[in-house]
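A.B. asks: First the structure, which I've put down as structure tokens, then a few questions once you've had a look.
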Amino acid sequence: MQTSVTFKKIDSSDALKSYVQKKLDRFDKMLDTPAEANVVLSVEKIRHIAEITLICDKVKIHAKEESENMYSSIDTLMDKIKVQIKKHKEKQKNHMSGSKETIKNDEFDLEEDEFNQEDIEPEAEKKNSMT
């Protein structure tokens, strides 16, 4: 995974860079294709803000987290990204699986409805002819 870490209003630290890289390496197994991650770490007064944009094939995932500690911000951010990746993979799986059983059942239900309508129409004609 290609990773770029940007520091805003904070001194760059190899410890933070390696921590982010270690956390992002776990997502390589979850993603099918190579990805690009842009991480922005910033500090505003007492708020430590971690922001990530993950671009992979047709998917663009963005998340932002802030807390009083940079490491906890990164941890929570990675949890959010993990949930979004799982959600996307589940959508792909459901879309691609396209169960053919449901289609067959729907066609069968339509045919039954047609037969039921044919039975109803003659009764309606009989009532009209009696009046």
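No value in this document is a laboratory result; all are computed from the given coordinates. Quick caveat, the model's predicted, so the values are computed rather than measured. Reconstructed Cβ throughout: ideal geometry from the backbone, glycine too, with neighbour counts over all protein chains shown.
A.B. asks: Give the residues of segment 29-83 that are aliphatic (A, V, I, L, M) and farther than 18 Å from Val5 by Cα, sorted by residue number.
C.D. replies: Residues satisfying the conditions are Met30, Leu31, Ile46, Val59, Val83.
A.B. asks: Which residue, of Glu44, Glu65, Glu36, is touching a helix residue (DSSP H, G or I) at 6+ places or on another chain (Cβ under 9 Å) and acidic (Asp, Glu)?
C.D. replies: Glu65
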